[in-house]
Amino acid sequence: TNQPGQHSDAGMDVDPQDVALRSLYDANVEEVYRYVFRRCRDHSLAEDITQDVFVAAVRSLGDAELTIGWLLRTARNRLLDVVRRSDVFERKLRLLGAGRTGESLDRTIAMTERVEVEAALRALSEQHRLILLLHYVDDLPIDELAHELGRSRKGAEALLTRARAALRKRLEVSA
């Protein structure tokens, strides 16, 4: 068996950085892809951004601690860049007299709304963010939320109500 830095069967040195990058990729590519796809709902765009994230990781090797948090922050920033570029492009088209198609307008609005909701969720307390994600993303019913959070049904309902109110307030502030 080969260890990092030892010779492979082909007689070539195995670079420990290559092994670390491969391990980082294998362990996190699906989570990064899901993170991006949940926000943009576009497979092709999610694949492109996921690829960009890992290219950025290669470029940042040695400069940054490459954790899942770093990868997801980079994915979020890339997605925001795409949304901004799309908005700039659409404004330029309008200036030139070209109209937006309904589908591209809907897609841009949906993507922008997802980014705004994500930012509002990040601003919430961990408890509020957790219950909202478990209920609305993971589709857990109240009884399961109560069990997962170690609360009574009424306690889970009250927490969910407070979390919704906090999210609504954050979204109104950003609007």
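The values are calculated or read from the model by the stated rules, or taken from the named source; none is laboratory data. Quantities reported herein were computed from a predicted structural model and do not represent experimental measurements. Glycine also receives a Cβ, built like all others from the backbone with ideal geometry; neighbour counts cover every protein chain displayed. With ligands, DNA and RNA removed, areas are computed over all heavy atoms of the protein, side chains included. Shrake-Rupley method; radii C 1.70, N 1.55, O 1.52, S 1.80 Å.
Per-structure values
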{"read-out": "Computed E for V58/S125 - FRET, C-beta separation, R0 45 angstrom, nearest 0.05", "value": "0.80"}
{"read-out": "Pairwise label distance in nanometres, V29 with R168, each label 7 Å out on the Cα-Cβ vector", "value": "4.4"}
{"read-out": "Amide H contacts under 5 Å for L140, placed H, 5+ residues apart", "value": "H135"}
{"read-out": "Solvent-accessible area of L21 with every protein chain in place, 1.4 Å probe, in Å² to the nearest 10", "value": "40"}
{"read-out": "Which of L133, L45 is most accessible, then next, and so on - probe 1.4 Å", "value": "L133, L45"}
{"read-out": "Heavy-atom accessible area ranking, 1.4 Å probe, most first, across R39, R164, R84", "value": "R84, R164, R39"}
{"read-out": "Environment charge at L61 (Cβ cut-off 14 Å; Lys +1, Arg +1, Asp -1, Glu -1)", "value": "-2"}
{"read-out": "Net dipole in debye of segment 112-156 [+1 Lys, Arg Cβ; -1 Asp, Glu Cβ; about Cα centre; nearest 20]", "value": "240"}
{"read-out": "Hz values of 3J(HN,Hα) by residue in segment 70-75 - Karplus curve (6.51, -1.76, 1.60), Gly and Pro given as x", "value": "4, 4, 5, 4, 5, 4"}
{"read-out": "Förster-model FRET efficiency, 22 Å R0, H43 and T112, C-beta, rounded to 0.05", "value": "0.70"}
